[in-house]
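Q: I am attaching a structure below and will ask some questions about it afterwards.
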Amino acid sequence: MSSRVPGRTSLALRFLLYFALLYLVLIGAMGWFLTRSVASAFTEGLFDQVESAAGIASHGMPSDETGLADWAEEASDAGGYRFTVIDPDGVVLADSHSDPLSMENHADRPEVAAALAGETGRDLRDSDTTGFDQLYVAVPTEGGLVLRLSASSREVAAETWPYRSSVILISIVVGVLGLLLAAWLARTMARPINQLTEQTRALIGDGGDHRVARSSVQEIDALAMAITDLDASNRSRLKESERSSSTLEVVLAALPQGTILFDEADAVVYANPSAHSLLGAVPPTLAGLAPFSFQDAVHDARVTAETTSTMAEHGKPARVLRAIATPFAADRRVLLVVVDVTERERAASVRRDFVANASHELKTPVSAIMASSEALQLAVSRGDASAVDFARQIGGSAAQLDRLVADLLDLSRLERDEPELEPLAFQHLVREEVERVRTGAEERGVELTIDLADVHVAGSRRDLAIAVRNLLDNAIRHTPAGGKVGAELEVVGEDAVLRISDTGEGIPTRDIERVFERFYRVDNARARATGGTGLGLAIVKHVVESHGGSVTVESELGAGSLFTIHLPLPDDQTSERN
């Protein structure tokens, strides 16, 4: 198939046509301007001539209205102009070419209106009587009448015709000369451009340092230099594009999300390593993609031209994957992004399980209270001495229920509200909480020790007190008689550091990462026996993190545990220490 485009014309011919059109327009405009100028000059001269004749004739006009008609005809024959006499009301009294009785009132004629105002009036317009352009000049007379003279504009045309002929002849001669000059200029200008075209073609596919030859024509030389610069720029951009492509490849390869690009025919154009990792294998086409719901997402995105998402389990062990299909606006390509949301779904499951766990935890003491209550009623009715034991069981279960409800309320409030920060002397707060649990510790035979430095923090007194109290209570409950629980507070760097240690049974290594989960217990039976609710450490973690801090635990089975809280110091204390 030929690559020639039908209807193409050469640059030389285009130059010739453009120059010819430009010459014709310029010459036509010049001729029109000259003709108009000459006609305007002759028209102005004719106006002056008619006005002079009107002034002379006005002095010889008879005062008797009965003789005006004959005078108008005689004056018209003598001067060659049309004479019209008009009274102050605009009524035509006499006219050299028409019957005055058949003529309209002339008060609204511009030249007549000017004459009635005492000035000489002029106007150029079509005559209602003759149908040709007429020049009108009206002058006021001493008797209060208006004398109007008119002449045909054909006199101007007759006078200007010789000049028009000369203008037309000159235009034709200049036009022919201009076309010849345009043809020569077109060929001269096209020659270096054709040479430049051949040199530019030589750049195509040439990887060397090739430069376009310079030209003696300034504009073409500038174009040649621009082409040389463009070639260098394109080669630089090509290298930059290759570099950007490799950079994008590295970035996409590093993304944890799987990224797959499908073309219009559903073929896989690109897939990053994460896509292979999440899906196991990426097929060459959409038809082989699994899970199958991901195929539906791609089809739906292409049909609706909107982003579509779906979730599915895939692989062994099963992972929860979310696929987001985004269509391209310019074509039918679709980008599929696959995200592993297994951990997020697990967290959501934990939140859902919270309600079930809370219900279970509440049901245990309630069931114990109900059972002990029934047994108590039966023992009382029989006068059995075991009634005291049943009453004690009811009290213990009620206390356990009260602690659980209080912890649930605290946790709910902490999750709902942001802490109200205020300056606190943290050592006083810790000391108060130690003294609050001291009696219980002594009853269990646990020794309490403290080593508190003066530390000020910004925090909620109520929330931090709950966190410290839960750590102390947790340490005392898991420390046997004869053991020790210690509280140590100091400043380390830009943090206030509180350490709560105990010499209790410790925490197994497999459970350390989960001790801050809600309702998680290392030993359920022992925790309930000691009065634990399973929420204390979860509350501690939430309080500390809401204050911008962190909490960690270190433990050795059979040797005890160490819980460490880091809270940021206020800015003023940090600057003072620096």
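What follows draws every value from the coordinates through simple rules; no lab data is involved. What you are looking at is a predicted structure, and each value in this text was computed from that prediction instead of being measured. When we count neighbours, we look across all protein chains shown, and the Cβ atoms used for this are built from the backbone with ideal geometry, even at glycine.
Q: For the range 15-159, what size does the Cα cloud have along each of its three principal axes, sorted from largest down, in whole Å?
A: That gives 74, 27, 26 Å along the principal axes, largest extent first.
Q: For the range 255-340, what is Rg from Cα atoms divided by 2.2 N^0.38 Å, rounded to two decimals?
A: Relative to the rule-of-thumb radius for its length, the range 255-340 sits at 0.98.
Q: Please give the length that would be gained between GLU494 and ALA267 if that part of the chain were fully extended, namely 0.36 nm times their separation in residues minus their C-alpha to C-alpha distance (nm, one decimal).
A: 76.1 nm
Q: Moving on to the next point. In terms of the Cα gyration tensor, with a ≥ b ≥ c the square roots of its eigenvalues, is the range 418-577 rounded because a/c is under 1.5, prolate because a/b exceeds b/c, or oblate?
A: prolate
Q: Let me ask another. Pull out the extension gain between GLU442 and ASP133, defined as 0.36 nm times the separation in residues minus the alpha carbon to alpha carbon distance; nm, one decimal.
A: The span from GLU442 to ASP133 would gain 98.3 nm if fully extended.
Q: Going through the range 47-139, which chymotrypsin sites (Phe, Trp or Tyr not before Pro) have at most 13 other Cβ atoms within 10 Å and a DSSP loop state?
A: For chymotrypsin sites (Phe, Trp or Tyr not before Pro) across the range 47-139 that sit outside H, G, I, E and B with at most 13 neighbouring Cβ atoms in 10 Å, the list reads PHE132.
Q: Also, quick follow-up: At a Förster distance of 30 Å, what's the computed FRET efficiency of LEU179 paired with ALA226, Cβ-Cβ distance as r, to 0.05?
A: That pair, LEU179 with ALA226, gives E of 0.40.
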